[in-house]
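The values are calculated or read from the model by the stated rules, or taken from the named source; none is laboratory data. If you're wondering where the values come from, they're calculated on a predicted model, not measured in any experiment. We place every Cβ from the backbone using ideal geometry, glycine too, and count neighbours over all the protein chains shown.
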Amino acid sequence: MPTFDRRNRRDLDQLVEEYTTTSNINRRQFLQRATAAGLSISAAAALLEACGGGGSTGVNSGGSPVAVTSIDALTEWSGNELDAFNTISAMFKTKTGISVKNETTRDLLTVLTNRVRANNPPDVAGMPSVTLFQQLAMQGKLLQLDSFLGSVYQQDYAPAWQQFASVNSHIYAVLPKANSKGTIWYSPKQFQANGYTVPTDWNGLIALSNKIAGQGKFPWSLGVESSGSSGWPGADWIDQIFINLNGPDMYDKWYKHQIPWTDASVKNAFQMFGQIANGNHYINGGVQYILSTNFKDASYLPFDTPPKAYMFYLGDFTAGFITAQFPNLKAGTDYDFFPFPTINSQFAGADTGGADIFSAFKDNTGTRQFMQFMASAEAQAVWVKGQVGSSVNKSLDLNLYPNPVARRSAMQLTTASSFRIGADDLMPTAMENAFWAGVLNYIQHPSQLDSILSGLETTAMQTYTS
C-alpha cells in the first residue's frame, strides 16, 4: 500500500476540486487516484464521501446556537505552535468557562475526512489546505461566520484577508497567523555607507543592481539548492513577480492551469526572474553558485564582513536565518527588508506567502465564542509573543513584535492589497516538481525558455487531466 506523504495533499486537493467541479472522473477513478496518492482505501472512501454531500450555503448560523460547556478541536500544530494554541484555549476557558479539547495529528487530512464522513466532525479544526477549505465550504460542511464575525472582519482585517477567509462572499474561517514572501533582505548600514537608495519599483531595482554591478560588486545572492526540493526558492521569485505583474485573478488561473504555461504572462515572469539570476555580474559565484548553494547559506552574503552581496530575496522567515548566523546584528540597522518592488501599479501591494486557516463545523455557543476569540487581537497576540507567526489583525499592538523588522513584516501583511499562497504550493505535486525542475533548467539555459515552458505545459496537460 502506498505511504502517505504530506506533499501528496496537493494532488488530493486537485482531485477534490476536479471531482466536485467537473465531470471528468467517476467514483472509481477518484478512489484509484486517492489511493495512488497514499491514502488507505477507507480514507479514500471518506474523502469521496466528504466530496459528495451538502449544498453551497454553509451550516446555518442564523438561529439560536446550542449551549455547550466544551468543544473539541482538531489541529496539526506541534511544538511552539501547539503551546500557543493551548495558551489561547486556557485563556478562553477562563473567560467563558468553556473547555477546548484539542486532538493534534500530523495526518490532519485523513482524520478530518474520516470524521466528516461519519457525520461526526469536530466543532472546530485547522484546515490542511486552502483548496480543501474552499471545497468544504462549498459543500455546506462549514459554519458561516458572517452573522457574528462579519463586523470584526470589516473593522480589523484588510479586504485581502476578508476575501482570503471567504468563499462565495461568506466568511468561513479565522486566520491565526500568516507569513509574507514579499521581502528583500539587505543591510541598511551598508546601503547608507555606499549611497544606495531602497528601490520602490522594478525599474529602480534593476537600476540599483546595475549600479552595484558597475562598481565591480555583486548586487545579489541567490541559492536554490534544497535537496530533493531544489528550485523552490526560484519558484518563489516567479510567484511573487507573477502576482505583481499580472494580478491575483491571472495568478489563480495560472496555478489552476486555466491558462497555458506558454502564455505570455508566465513567460514574462520567468524572464524578469532571469534579469536577476542571469544578470551581468549580478550573482556572486554565478550560475554554479546559484545551483549548488543552499538557500539558507545564500542569505548570509549581504551580512558578511565585508559583504559578498547586497540583496537577498526570500520570505520573512529569512530573519531567523540571519539572526541565528549573526546573533550580534541589530534589527533595522544591520539587517532589514524592503517590500518587493511594484511592477504593475495596478497590483501594487500584492503579496504571496502562507496563512493558517481555522474553521468551524458546528453551530453552538462554544464554537461561536471561540471563533470570535481566535479572531481577536487578544488571542492573536499569543502567536506573536510566542514568535510563531505574524497576525493579520490590524488592531493588534505592533509593539508586541520583538523588533522593528518583525513589526514591518506584520504591517506588510495587514496592508496587502491582495494575498495568495505560493502558486507552486497550490499545484499538484507532479506539476510542482516540474516547475522546480524548470526553474533549475532555466537558470542554466535561459535561451531555452520557450522549450522549457512547452515542457511544463505538456506536464500540466497530463497532470491536470490524468
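Data table
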| read-out | value |
| --- | --- |
| Qualifying residue in region 136-157 (condition: part of a helix (DSSP H, G or I) and among the aromatic types (F, W, Y)) | yes |
| Selected residue [assigned by TED's automatic domain parsing to the domain that holds V382 and surrounded by fewer than 22 Cβ atoms within 10 Å (Cβ to Cβ)] from N194, N210, N168 | N168 |
| Test: residue in region 382-394 that is part of a helix (DSSP H, G or I), at pLDDT 95 or above and surrounded by fewer than 20 Cβ atoms within 10 Å (Cβ to Cβ) | no |
| Qualifying residue in region 95-107 (condition: in a helix (DSSP H, G or I) and within 25 Å of the chain's Cα centre (by Cα)) | no |
| Test result for A331, among the small types (G, A, S), surrounded by fewer than 20 Cβ atoms within 10 Å (Cβ to Cβ) and modelled with pLDDT of 95 or more | yes |
| Those residues of region 219-236 which are among the aromatic types (F, W, Y) and buried (at least 24 other Cβ atoms within 10 Å of the Cβ), in sequence order | W220 |
| Hey, R368 of a type outside the set (S, T, Y), in contact with a Phe, Trp or Tyr (Cβ under 6 Å, 6 or more places away or on another chain) and either under 27 Å from I243 (Cβ atoms) or modelled with pLDDT under 95 (or both) or not | no |
| Filter result (more than 25 Å from I276 (Cα to Cα) and surrounded by fewer than 21 Cβ atoms within 10 Å (Cβ to Cβ)) within region 418-458 | T429, A430, T458 |
| Neighbours by Cβ (under 7 Å, 6+ apart or cross-chain): first from region 436-450, over 15 Å from E225 (Cβ atoms) and touching a residue at least 60 places away in the same chain (Cβ under 8 Å); second in a helix (DSSP H, G or I) and of a type in the set (F, W, Y) | Y442/F270; L449/F270; L449/Y442 |
